[in-house]
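Take a look at the structure below.
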Amino acid sequence: MAINTRILLAARPDGPPKPDDFRIEDAPVPEPAEGEILLKILYLSLDPYMRGRMSAAKSYAAPVEIGAVMEGGTVARVEKSRHPHYAEGDIVLSHSGWQSYALSDGRGLRKLDPAVAPVSTALGVLGMPGFTAWSGLLIIGQPKPGETVVVAAASGAVGSVVGQIARIRGARTVGIAGGEEKCAWVRDELGFDAAVDHRAPDFERQLAAACPDGIDVYFENVGGKVWDAVFPLLNTYARVPVCGLISAYNARPGENGGQDRLPGFFRAVLTRSLQVRGFIQREFADRFPEFHREAAHWIASGQLRYREDIVDGLANAPQSFIGLLEGRNFGKLLIRVSHEGGIQSGVHSIGIVTPL
Ligand code: NAP
């Protein structure tokens, strides 16, 4: 008999999440009512924003309640349908969370065509992270040919796309990543002009050397000491799309206090005419079709490459998520919840670069 395995939020983390903050539970697979479909989850996306959902602190989205299924984007196959618009076997993008089955009334689903692209890409390069990169860089960052664009977390789901689009637009691209292996991939496989390891003891010096003309666009994914190294290098009129601050996501209240950087920050905003603009990708949702067309074209032409870090088994989601916040993923982190699905052959395994 099929079982619905679900991963619930058991406790709100104090600092970095621990395995005990999650609880795995088996439940019966639900039956769809009239107008509903039963989804069998194939892939679950693990994303840094989930750390925010585990916290009760006020944010742009409501937290997951204690005892509720962890939230998350998914690719699923329609297992049973009592809905006029969906048939058994359809593959859809859904937001079904950390579980192996889910019911849906069809709202918010997007049908995927496995012939167009591997369906897992709807959670990465052709989905929310890719769109985040595209919208933040092009709408806010607006790189011009010859300018220097720097991106942090450069081997990840968002950063890898930011750097490649900047390169396509004729900018000089510099990635910041953790460790030589990630830096080599960003440089040699993705074609960034330079990559700098933020763990190197002389990181600041290496970054300055990689940006001899300063920085015109800094796509912020990390914050903390990476920001401290970037900040003095920002040119007059530099643009800073603030996308994420992952280095602080595990901080306890009051941590990361340190010195008061605000006066220096505002002085630079004023005297160097900086534009610092935070964003959540969904504010640009009406541009998604434009992004999708452009990104699919770039992938097909080999200009945009991606890497998926696929971990097998829903039970591995908590450890994998904890690792994401420590830089242990290499590329877009996905959980393969089920091997079934009749999806295209050649489903990727961990760490394989898969141009379409
Ligand atoms: P990702 O880059 O695939 O994975 C996270 C990476 O962050 C890790 O692999 C690690 O890479 C780096 N990292 C973790 N802790 C770090 C630390 N203390 N210092 C420096 N680097 C650290 O994740 P992603 O999905 O692409 O997300 C990247 C950023 O974009 C996150 O901040 C996320 O919250 C943000 N985001 C924002 C939006 C939005 O709408 N604003 C949407 C999606 C994502 P290294 O090993 O290279 O350090």
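FYI, it's all coordinate maths here, none of it is from the lab. Remember, it's a predicted structure, so these values are computed and weren't measured experimentally. All Cβ positions, even for glycine, are placed from backbone atoms using ideal geometry, and neighbour counts span all protein chains on display.
P(r) tail for the chain: Cα pairs beyond 34 Å make up 26% of the total.
Across the options L42, A62, L138, the greatest Cα extent toward the positive end of the charge dipole of the chain (unit charges at beta carbon of Lys, Arg, Asp, Glu) belongs to L138. For the chain, the share of DSSP beta bridges that are antiparallel, to the nearest 5, is 55%. To the nearest 10 degrees, how steeply does helix 288-300 sit against the main Cα axis of the chain, on a 0 to 90 scale? Computed tilt is about 80 degrees. Across the alpha-carbon set of segment 133-270, the Rg to Rh ratio works out to 0.95, Rh being the Kirkwood radius. Extension gain, K225 to A33: 0.36 nm times the residue separation minus the Cα-Cα distance gives 63.9 nm. For F279, the amide hydrogen comes within under 5 Å of the amide hydrogens of V242, counting only partners 5 or more places away or on other chains and with H modelled in the peptide plane. Each helix, a run of at least 4 DSSP H residues, gives -39500 (n - 2.57); summed and divided by the residues of the chain, these come to -5500 deg cm²/dmol at 222 nm.
Normalise the Debye intensity by I(0) for segment 1-126, one equal point scatterer per Cα, no solvent, then take log10 at q = 0.15, 0.16, 0.21 Å⁻¹ and round to two decimals. Once normalised to I(0) and log-transformed, intensities are -0.74, -0.83, -1.21. 7 Å from Cα along Cα→Cβ at both R82 and D312: what's the point-to-point distance in nm? With each label point 7 Å from Cα toward Cβ, the separation is 3.5 nm.
Among H85, H292, H339, the largest mean-square fluctuation in a Gaussian network model of the chain (Cα springs under 10 Å) belongs to H85.
Partners of K80 within straight-line reach, counting lysines whose Cα lies under 21 Å from its Cα and excluding those fewer than 8 residues away in the same chain: K40, K111.
The gain in end-to-end length when the D213 to R199 segment is fully stretched comes to 2.7 nm, 0.36 nm per residue minus the alpha carbon separation. The angle separating the long axis of helix 159-168 from the principal Cα axis of greatest extent in the chain is about 60 degrees.
For the pair I24 and A184, label points projected 7 Å from Cα toward Cβ lie 3.4 nm apart. For the pair R272 and E326, label points projected 7 Å from Cα toward Cβ lie 3.4 nm apart. What does the extension gain come out to for I139 and L103, with contour length at 0.36 nm per residue minus their alpha carbon separation? Extending this stretch completely gives an extra 9.4 nm. With springs connecting C-alpha atoms under 10 Å apart, model the chain as a Gaussian network and identify which of A133, A285, A210 has the largest mean-square fluctuation. Residue with maximal mean-square fluctuation among A133, A285, A210: A285.
For GluC sites (Glu not before Pro), the sites in segment 201-271 that DSSP calls loop and that have at most 10 other Cβ atoms within 10 Å are E255.
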